[in-house]
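Down below is the structure, laid out as C-alpha cells.
The values are calculated or read from the model by the stated rules, or taken from the named source; none is laboratory data. All figures in this text were calculated on a predicted structure; none of them were measured in a lab. Virtual Cβ from ideal backbone geometry, glycine too; neighbours counted across all protein chains shown.
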Amino acid sequence: MASPTMIFVLRLCVLALVFGAIVWGTFRLMSSAQETAAVRRQVRSVGSFDTGRRERGASEAWGRLVALVERGGLSLADSNPDALRAKMIAAGFESPDAPRFYLLARLLLVIVLPVASIGVLLLSGIDVSVFRLYMTGLLAAAAALLGPTWYLRVRTAKRFTAITNGFPNCLDLMLVCVEAGLGMDAALDRVGREMAEAEPHVSQMLVRTTLHLRAGASREEALRRMGDLAGVDEVRAFCTLLIQSDRLGTSIAATLRIFAADMRERRRMRAEEKAHRLPVLISVPLIACMLPTMLGVLMLPAAIRVVRDLLPAMMGK
C-alpha cells in the first residue's frame, strides 16, 4: 500500500503537469493568434490596392451611368450645388461627382421603390383597394425621398463624432513627434500613418493634408483646407491656431500642448453633460413603464377590498 505522503506527492505532480500543459497550450494559442493577426494585416495591406481599384471601378461605372442619364436630357444639377456639395463633404463623400450620384440615387429610388411596393401588393394575391395602392405608393415615394437625406445626416453625425473623439489622441501623438524633433509637416505625416487603424477619419484628414503640402500648397492653405473638409469646430480652431503660431513664430510644441489639454477638457465636459442627461432620459421609460405597474400593485388590494366588502355594504346586501 502506498503511503499518504506518496499519494499527496503524486497528486501534486499530476496537478503540476496539468497546470504546465494548460499554460503551454495558452501560450501556443496566443502566439498562433498573433501570427494570424500579422498575416491578416499583411494581406490587408497588400489587398488595399485591389480594394482601391474596385472602388475606382465602381466610381467610374456610376460616372458612366450619370453621363448616360444626362445625355438623355435629364439634368442632375441641384438648385443649390454649393450647399449640397458641402453636405456630401461633411458626410465623407469628397468625389466631385458625389452630388450627381446622390441625386441620381434619389431619382432611382423614387421610381423603383413605389413600383416595387405596388408590385408586391398586386402579386401577393390579397384583394387591395385603389386607396391602399395609392397610399402604399405615396409612402414608398416619401421613404425614397427622405431616406437618402436621413442617411447623409446619420453618416455626418457619426463622422463628426469620430473626428471629435479621436482628434485629441492624435494631438498627443503630434505633440510627442514635435517634441522629439520632427517638423510640423513630418509630424502630420507620421501621425496620419500611425493612426490609420485606430482613428481612420482623422488619419485620412491628416494624410490628405500631407499630400497637399507635398503637392506644393503652402502650409496655411493646406491647414485651411483641412479645417474646411473636416467640418468640425475643434479642427478649424486647431488649424487657425497653427496658422497664427506659424505667422508669429511661437513654439508649436507649446501650442499643441495647450490645445490638446483644452480639447481633453472639452471631451470630459461633453461626457459629463451626457452623464447628467441620463436621469432625465431614464425618467421617461420609468414613468411610462414602471409607474403604472407600481400603481396597480399598490391599488389592487384596496380595489379588491372595496369590491368585496364596501360595495355590498353600500348596496345593503
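Odds and ends about this structure:
- Those residues of the range 230-274 which are outside any helix (DSSP H, G or I) and among the small types (Gly, Ala, Ser), in sequence order: Gly231, Gly249, Ser251
- Some residue of the range 276-290 being farther than 30 Å from Val191 by Cβ and among the charged types (D, E, K, R): yes
- Checked against (1) at pLDDT 85 or above; (2) more than 23 Å from the chain's Cα centre (by Cα), Ser251 passes all but condition (1).
- Among the residues listed as Leu173, Leu182, Leu213, the single one being surrounded by 15 or more Cβ atoms within 10 Å (Cβ to Cβ), part of a loop (DSSP other than H, G, I, E, B) and not assigned by TED's automatic domain parsing to the domain that holds Arg100: Leu182
- Residues of the range 239-269 satisfying the condition of being free of Cβ contacts under 8 Å to residues at least 24 places away in the same chain and more than 20 Å from Glu179 (Cα to Cα): Thr240, Glu265, Arg268, Met269
- Residue pairs meeting the criteria (Cβ under 9 Å; at least 6 apart or on separate chains; first over 12 Å from Phe167 (Cα atoms), in the range 226-238; second in a helix (DSSP H, G or I) and of a type in the set (S, T, N, Q)): Met226/Thr209; Gly227/Thr240; Leu229/Thr209; Gly231/Thr156
- In the range 135-154, the residues that are in a helix (DSSP H, G or I) reach residues that are surrounded by 13 or more Cβ atoms within 10 Å (Cβ to Cβ) and hydroxyl-bearing (Ser, Thr, Tyr) with C-beta atoms within less than 6 angstrom, at least six apart or across chains, in these pairs: Thr136/Ser117; Ala140/Ser117.
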